[in-house]
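Asker: The structure's right below; bear with me while I get my questions together.
Each reported figure results from applying straightforward, stated rules to the coordinates on display, with no laboratory input. Only a predicted model underlies this, so the values are computations on that prediction, with no experimental measurement involved. A quick note on method: Cβ atoms are made from the backbone with ideal geometry, for glycine too, and the neighbour counts reach across all protein chains shown.
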Amino acid sequence: MKLRHWQSECASQALDHYHTINQHFFCLATPGAGKSIMAAEVAERLLKNDEIDFILCFSPSKTVSQSLQSTFSSYLDRQFDGLMGSVGRSLTYQNMAFLDNAFWQLLSSHRVFVIFDEVHHCAGHTLDDANSWGAEILSKIRDFAAFTLSLSGTPWRSNQTPIVLGRYIEPDFTLECDYVYGVRQAIVDNVCRQPTLVLMDNSEIQITDSNAQTSVYRSLQAVIDETECNYQSILHNQSALDQILTRANQTLNRIRRTNHNAAGLIVASSIAHAELIQQQMSMLGEPAVLVTYQNPDAAQIIEAFKVNRFKWIISIGMISEGTDIPRLQVCCHLSKVKTELYFRQVLGRILRRSECKNQEAWLYTFAESNLVEFAHRLEQEIPEPNIILKEQLQLSLESEHFEQPTQGQLLTSSLDLPNSPQDIELTDTGLETTLELASFQFQTEPQLDFTGDFRERVVEAYNSPF
């Protein structure tokens, strides 16, 4: 396989780093750039140089773990299932809690190369400030692995805690990456698509309260700021959904006139919300596949969607970072999670280029103030929240233990039980994952009527000269 220039360059720099500085290397590469292939190239070079005996890959979900297993097995032309005679094994971060001492002894008795995909899920400089996965890495891998390779497309944590094995530079305490391959460069190199973001708004929104009093507002944000309606009210409003889904579907239909197999992703807020969206899509004459963390065969549904001709898939916590479906070219971000990290991860699902002629990428969402800000800040490879202020660090760490599994979760999670609640992609922190997966609680709210025209604010991301 012919490597992209950045993949070959990064692999060479990683080996130089291992031989001259230390055994830990951190790579920031944009979603869709091909980080797993680069990691497999590093592994192949280490094997050829007789510097390692075994390879371990850790990632945040069963779907990504299976993808890494397939990639490494194909690239190395070796068995990669952890069985007798294999050269490596791919596991989820959740698996760490169930590995016994005999397994971890492998790192002391053999030269093991360990790869952490989407490492930003693992936090901690020390065991005192680490989350559950970070603690496993610090105590059982950091000082025992022959080499480690940390990978991330969004290398920061919205709760401002440090990424495990990351090096932070004074005085701002910002993350220092050993290699950076950003989205703007990837677009120039024709590695990633240049996305267009559409922020949907409305110029006349009537709100009728419990006293039958009607007021008119000129934007969605005004409704959120000045009334009892929240963002979820908009996400569940059938008129708003109809508008955003219709326009996204029109864009996908246009793209499919050239790319006959192009597809769309809708990221929903809850299972009830996803079912509402599925009904809306059906009314548009567009049946949509639904995949949630409750589907026992979620991984199989996603794998089938990668290669079939279905147009739309609706996801709850299952298709985010690391899930590669190159035929995805349109996305509706309808999640109630409004962190910049999650916003960029969702956007990353439509950035991976394919062999098709049309390489457009469109993301549709509503003009909520945070999402508008994120859209206009996309020129920055790493946003301001990456800066960890020392005086804020301890406070953040005190509340950072949401990823610890409860006893009940431990009883229902095992190495052989895919797609349990412990085996889904995390959006950012454990708390935000809980928010993302929670069912929408319908409450008595003012009546929301869109009487004005919906309008689009279009942002062409990464459009400035590199």
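Asker: Quick one: putting +1 on the C-beta of Lys and Arg, -1 on the C-beta of Asp and Glu, what dipole do you get for region 5-181 around its Cα centre, in Debye to the nearest 20?
Answerer: Details: 11 positive and 20 negative charges, 75 e Å.
I would put it at about 360 debye.
Asker: Between Asp50 and Asp189, 0.36 nm times their residue separation minus their Cα-Cα distance comes to what?
Answerer: Values: separation 139, 0.36 × 139 = 50.04 nm, distance 3.31 nm.
Contour length minus the Cα-Cα distance gives 46.7 nm.
Asker: How many nm separate the modelled label positions at Gln206 and Gln79, each set 7 Å beyond the Cα in the direction of the Cβ?
Answerer: It works out to 7.1 nm between the two label points.
Asker: Of all DSSP beta bridges in region 5-181, what percent run antiparallel (nearest 5)? Don't jump to the answer; show the numbers that get you there.
Answerer: Values: 4 of 26 bridges.
Of the beta bridges lying entirely in region 5-181, close to 15 percent run antiparallel.
Asker: With +1 assigned to the C-beta of every Lys and Arg and -1 to the C-beta of every Asp and Glu, and no other charges, what is the dipole magnitude of region 187-316 about the Cα centre in debye, to the nearest 20? Walk me through the numbers before you get to the answer.
Answerer: Numbers: 9 positive and 12 negative charges, 168 e Å.
Computed charge dipole of region 187-316: roughly 800 debye.
Asker: Further question: Over the Cα atoms of region 117-194, Rg to Rh with Kirkwood Rh, two decimal places? Walk me through the intermediate numbers first.
Answerer: Details: Rg = 14.3 Å, Rh = 13.8 Å.
Result for region 117-194 is an Rg/Rh of 1.03.
Asker: For region 5-181, what value does the Rg/Rh ratio take when both radii are computed over Cα atoms and Rh is the Kirkwood radius, given to two decimals?
Answerer: My calculation of the ratio gives 0.93.
Asker: Among 4-14, 362-372, what's the highest-first ranking by average C-beta atoms within 10 angstrom per residue?
Answerer: Details: 4-14: 18.3, 362-372: 20.6.
Most protected by this proxy first, the peptides run 362-372, 4-14.
Asker: Which order do the peptides 88-97, 352-361, 297-306 come out in when sorted by mean C-beta neighbours inside 10 angstrom, highest first?
Answerer: 88-97, 297-306, 352-361
Asker: Set Lys and Arg Cβ to +1 and Asp and Glu Cβ to -1, take the dipole of region 5-181 about its Cα centre, and tell me which of Val180, Phe98, Cys27 lies farthest positive.
Answerer: About the Cα centre, the residue reaching furthest to the positive side is Phe98.
Asker: Please state the shape class of region 19-121: rounded when a/c is under 1.5, otherwise prolate if a/b exceeds b/c and oblate if not, all from the C-alpha gyration tensor.
Answerer: Verdict is rounded for region 19-121.
Asker: Which value, in debye to the nearest 20, gives the size of the charge dipole of region 93-188 about its Cα centre, when Lys and Arg are +1 and Asp and Glu are -1 at the Cβ?
Answerer: On the way: 6 positive and 11 negative charges, 48 e Å.
Around 240 debye, computed over region 93-188.
Asker: Then there is this: So, R0 is 35 Å and r is the distance between the beta-carbons of Glu355 and Leu127; what FRET efficiency does that work out to, to 0.05? Each step should come with its number before you reach the end.
Answerer: Values: r = 47 Å, r/R0 = 1.34.
Here the calculated transfer efficiency is 0.15.
Asker: For a Förster distance of 45 Å, can you work out the FRET efficiency between the beta-carbons of Asp297 and His19, rounded to the nearest 0.05? Walk me through the numbers before you get to the answer.
Answerer: On the way: r = 45 Å, r/R0 = 1.00.
The value I calculate is 0.50.
Asker: Okay, moving on. Counting other Cβ atoms within 10 Å of each Cβ, which GluC sites (Glu not before Pro) in region 28-113 have at most 15 and sit in a DSSP loop? Spell out each step's value before the answer.
Answerer: Values: sites: Glu41, Glu44, Glu51; in loops: Glu51.
Answer by residue number: Glu51.
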